[in-house]
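Structure first, then comments.
Derivation of every value follows stated rules applied to the coordinates shown; laboratory data play no part. Worth saying up front: this structure is predicted, and the values here are computed from it rather than measured. Note that we place each Cβ from the backbone using ideal geometry, even for glycine, and neighbour counts take in every protein chain shown.
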Amino acid sequence: MAEIVLDQVTKRYPDGALAVQEVNLEIADGEFIILVGPSGCGKSTTLNMIAGLEDITDGELRIGGQRVNERAPKDRDIAMVFQSYALYPHMTVKENMAFPLRLAKVDNATVERKVQEAAEILDLTQHLDRKPSNLSGGQRQRVAMGRAIVRSPKAFLMDEPLSNLDAKLRVQMRTSVSRLQKQLGTTTVYVTHDQTEAMTLGDRVVVMRGGVVQQIGAPQFLYEHPANLFVAGFIGSPSMNFVPATLENGALRSVLGDCTLTDRVRQLVEGSDAPREVIMGIRPEHFEDAALVDAAALSSGGKFTSQVDVLESMGSDKYAYFNLTGEQAASAELQELAADAGADDVPGDGISLVTRLSSASGAVEGASADIWFDADKVQLFDPSSGRNLTYTER
Amino acid sequence: MAGIGGAETTGKKVGWGVLNTVVVIYALVPVLWIVSLSFKSSETLADGNFIPREWSLENYQNIFSTTEFTRALVNSIGIAIIATTIAVVFGTMAAYAIARLDFPGKNLLVGVSLLIAMFPQVSLVSPLFEIERSLGLFDTWPGLILPYITFALPLAIYTLSAFFREIPWELEKAAKMDGATPGQAFRRVIAPLAAPGVFTTAILVFIFCWNDFLFAISLTSTEQTRTVPVALSFFTGSSQFEDPAGSIAAAAVVITIPIILFVLFFQRRIVAGLTSGAVKG
């Protein structure tokens, strides 16, 4: 049990490439923290530095108050779960789980007891004498977890532990990882590129991009108050819609129609020295079928009419997709997000918009629909720096 | 299964069967001929029958009656085992370093070892003879073991580094995280996984040492160090008019047996797919 502190931790490769840049992070004892970001953002490198598998170029790493930069992985007392599980194929499940204890020269009776305990927690008791090659993906994953928990380390490090599982099993394992962490109360650092995992698992989420921490906060906070375009676009599924807009005398002009800023938004914008041209971000759930909105709300929000491109009914909600004519919002962050999602090569002019409407909506695919959006929920971003102009701590 | 393309499959099976039989017969006839010769008495040796008319153990009794052959057998076994052990131990370490580490001069090292493996051995015989004579290694066990290791090492390094590359790198990281020192990670995780490679290499190196004739005949001069292939060439009949073919055949059969045993013994350990299940995919 210990807290982990990263103090200006930097990783620079011999060829000069900067993988991780001055990361400051204080992980409290027992906290479940998620490092998330697109591939190549430095999250795995950061994890490997905490593990001791990669050297720290600059800065200091403290575990339980002690500087551990120079310590070998085995002297840091932390356990790691790998994406590939990395089970020892020549050992049975039991031997795999006992391996860390054997290396620590724990006596036989204790080894036996601890392995049994871990096997019970992970529901592996009947598989103890099998070899990893005879196990299913989910079972292998559990063995990897078991190997980490048997020796009660100071912290767990998990490097995309669920990404090799199929979708259904992943959801199932996600809840068991979460339950296990609560049960054991061990400090956990979890790396993933999946924002859903980040949202559902962590006490706090660290969003990284290009080796730089973008924002640290509770999942809900990141969702509601993204510090910049990158976080806004990365967190949330389906992701936030981005539309170029113009600020003019307290009104917002865009292809989504003109709307007056609410007092709350106006104050934030005025306090942040906003440019005239901005990028407007609005989440799918802040749209609604105009026919279902009462008159008071209707007049305060924005409204546009367009043809429904695709309509997906989920039962509880309807997702309506629109393709509006106009310039796409352009910024480096958005390009990177699109590239990470593999969407940069999808042909399509204009602005694509995802809206989540009530199931009572009468919108029909191919037909025109009146759509309203909540002007108070609009987030505005500076296109050049990506900064959130409506950012607030509350 | 049988229904689909049955005629074609049967045709193919017959074709392959015939081809395989021809190859096996081609390979085995000389061996069986030697076995047959070894069981013939000196009178019927040249009668040309494939199956001996009368079976006799005369040749086997002959070769084991003198120390010439038994001493050579001891030399062969001793020299081959020592050379194999040393070559495999060093080869394992070198191959591991080549597969895993990036160090200056790595490519040079690999290149040089390849160069040694390709060097025509016959061109080294005279220099080696001179060197060993001046160093006092001529006609000693180390005098043969050293050149064997030299030529076996590149073979060992090449075979083993291929095996090491197959082992997922993450296993070693996992071992480190589990609290192993680099030495422990190597001994308890990497080495057991590389075992099939080590045994394969051991077989190849052993056969190379066991079969060598060139160095053995050039660098030895007495019965004390002669290996079996050389001893065979020194076989004579009881008189100069007698053909030693029977004895040579018997000795050839005897020295084939260790090789067969060696392969059979290690074959069980060369289990394909030992690393399956370590990592997904």
Next item on the list: For the range A:198-203, just list the computed ³J(HN,Hα) in residue order, Karplus coefficients 6.51, -1.76 and 1.60, θ = phi - 60°, integers in Hz, with x standing in for Gly and Pro.
Entry: 4, 5, 7, 8, x, 6
Margin query: For A:PHE32, what residues show an amide H to amide H distance below 5 Å, using hydrogens built from the backbone and excluding near sequence neighbours?
Written below: A:THR188, A:ASP203, A:ARG204
Next item on the list: When a/c is below 1.5 the answer is rounded, else prolate if a/b is larger than b/c, else oblate, so apply that to the protein assembly as shown with a ≥ b ≥ c taken from the square roots of the Cα gyration tensor eigenvalues.
Entry: prolate
Notebook entry, point to check: Suppose R0 equals 30 Å; then what is the FRET efficiency for A:LYS182 and A:GLN220 from their Cβ-Cβ distance, rounded to the nearest 0.05?
Noted result: 0.95
Note to self: I need to check one value: relative contact order of chain B, counting alpha carbon pairs closer than 8 Å and at least 6 residues apart, in percent.
What the structure shows: 29 percent
Next item on the list: Compare A:GLU312, A:GLU31, A:GLU336 in a GNM of chain A, Cα atoms joined below 10 Å, and give the one with the largest fluctuation.
Entry: A:GLU312
Notebook entry, point to check: Per the Debye formula with a single identical scatterer at each Cα and no solvent contribution, what log10 I(q)/I(0) holds for the range B:77-205 at q = 0.16 Å⁻¹?
Noted result: -0.85
Next item on the list: For the range A:1-74, evaluate the Debye formula with one uniform point scatterer on each Cα (no solvent term) and list log10 I(q)/I(0) at q = 0.16 Å⁻¹, rounded to two decimals.
Entry: -0.54
Note to self: Rounded to the nearest 5, what % of DSSP beta bridges with both residues in chain A are antiparallel?
What the structure shows: 75 percent
Notebook entry, point to check: Which whole-number value in Å³ per residue fits the convex hull of the alpha carbons of the range A:4-229?
Noted result: 129 Å³
Checklist line | Number of partner chain Cβ atoms within 10 Å, mean per residue of B:162-174 | finding: 4
Check: Calculated from DSSP H runs of 4 or more alone, at -39500 (n - 2.57) each and per residue, what is the 222 nm mean residue ellipticity of chain A, nearest 500?
Finding: -8000 deg cm²/dmol
Item checked: Rounded to 10°, Cα long-axis angle of helix B:141-166 versus longest principal axis of chain B -> 40 degrees
Checklist line | 10 Å Cβ neighbours from other chains, averaged over peptide A:87-93 | finding: 6
Check: If amide H atoms are built 1.01 Å from N in the plane of the peptide, which residues on other chains or at least 5 residues away come under 5 Å of the amide H of A:PHE287?
Finding: A:ARG356
Notebook entry, point to check: Which value in nm describes the separation of the simple spin-label points at B:LEU19 and B:VAL74, placed 7 Å from the Cα toward the beta carbon?
Noted result: 5.0 nm
Checklist line | Unit charges at the beta carbon, dipole of the protein assembly as shown: most positive-side option, B:PHE234, A:ALA245, A:GLN195 | finding: B:PHE234
Note to self: Along the charge dipole of the protein assembly as shown, pointing to its positive end and built from +1/-1 on Cβ of Lys, Arg, Asp and Glu, which listed residue (A:GLY30, B:VAL24, A:GLY271) has its Cα farthest out?
What the structure shows: B:VAL24
Margin query: Can you give the FRET efficiency to the nearest 0.05 for A:ASP317 and A:GLU60, using r as the Cβ-Cβ distance and R₀ = 60 Å?
Written below: 0.80
Notebook entry, point to check: Taking amide H positions as placed 1.01 Å from N in the peptide plane, with prolines and chain starts having none, which residues 5 or more places from A:GLN215, or on another chain, fall under 5 Å of its amide H?
Noted result: A:VAL207
Check: If you place +1 on the Cβ of every Lys and Arg, -1 on the Cβ of every Asp and Glu, and leave all else neutral, what size is the dipole of the range A:4-229 about its Cα centre, to the nearest 20 Debye?
Finding: 640 debye
Margin query: Using the Cα centre of chain B as the reference point, and only Cβ charges (+1 on K/R, -1 on D/E), how large is the resulting charge dipole? Debye, rounded to the nearest 20.
Written below: 1260 debye
Check: So which lysines can A:LYS105 reach, going by Cα to Cα under 28 Å and dropping same-chain residues fewer than 8 places off?
Finding: A:LYS74, A:LYS94, A:LYS114, A:LYS131, A:LYS154, B:LYS173, B:LYS176
Next item on the list: Grab the beta carbon distance between A:THR260 and A:ALA367, set R0 = 25 Å, and tell me the FRET efficiency rounded to 0.05.
Entry: 0.30
Check: Rounded if a/c is under 1.5, else prolate if a/b is larger than b/c, else oblate: which is the range A:198-284, with a ≥ b ≥ c the root eigenvalues of its Cα gyration tensor?
Finding: prolate
Next item on the list: Quick one: among A:ASP370, A:ASP194, A:ASP159, which has the greatest mean-square fluctuation in a GNM of chain A with alpha-carbon springs under 10 angstrom?
Entry: A:ASP370
Check: Hey, what do the phi angles of the range A:305-310 turn into as Karplus ³J(HN,Hα) couplings, whole Hz, using 6.51/-1.76/1.60 and θ = phi - 60°, x for Gly and Pro?
Finding: 10, 7, 7, 6, 6, 9
Check: How big is the convex hull of the Cα atoms of chain A, per residue, in Å³?
Finding: 168 Å³
Next item on the list: Could you size up the charge dipole of the protein assembly as shown around its Cα centre, putting +1 on the beta carbon of Lys and Arg and -1 on that of Asp and Glu, and report it in debye to the nearest 20?
Entry: 2200 debye
Notebook entry, point to check: Does chain B classify as rounded, prolate or oblate by the C-alpha gyration tensor (a ≥ b ≥ c root eigenvalues; a/c under 1.5 gives rounded; else a/b over b/c gives prolate, otherwise oblate)?
Noted result: oblate
Note to self: If I build a Gaussian network model for chain B, linking alpha-carbon pairs within less than 10 angstrom, which residue out of B:PHE208, B:PHE262, B:PHE164 has the largest mean-square fluctuation?
What the structure shows: B:PHE262
Next item on the list: Quantify how strongly other chains surround peptide A:72-81 by giving the mean number of their Cβ atoms within 10 Å of each of its Cβ atoms.
Entry: 4
Notebook entry, point to check: Of A:GLY301, A:SER368, A:LEU337, which is farthest on the positive side of the dipole of the range A:240-381, counting Cα position, with +1 on Lys and Arg Cβ, -1 on Asp and Glu Cβ, and the Cα centre as origin?
Noted result: A:GLY301
Check: For the pair B:PHE265 and A:ARG67, how long in nm is the line joining their label points, each one 7 Å along Cα→Cβ?
Finding: 5.6 nm
Item checked: Distance in nm between pseudo-label sites at A:ARG102 and B:THR10 (7 Å out along the Cβ direction from Cα) -> 5.5 nm
Checklist line | Calculated [θ] (222 nm, deg cm²/dmol) that DSSP helices of n ≥ 4 give over chain B, each run adding -39,500 (n - 2.57) | finding: -23000 deg cm²/dmol
Next item on the list: Indicate, rounded to the nearest 5 percent, the antiparallel portion of the DSSP beta bridges found entirely in the range A:4-229.
Entry: 50 percent
Next item on the list: Give, in whole angstrom and from largest to smallest, the semi-axes √(5λ) of the equivalent ellipsoid of the range A:240-381, with λ running over the eigenvalues of the Cα gyration tensor.
Entry: 24, 21, 12
Checklist line | Under 13 Å, Cβ to Cβ, from B:ALA94 - net charge with Lys/Arg +1 and Asp/Glu -1 | finding: +2
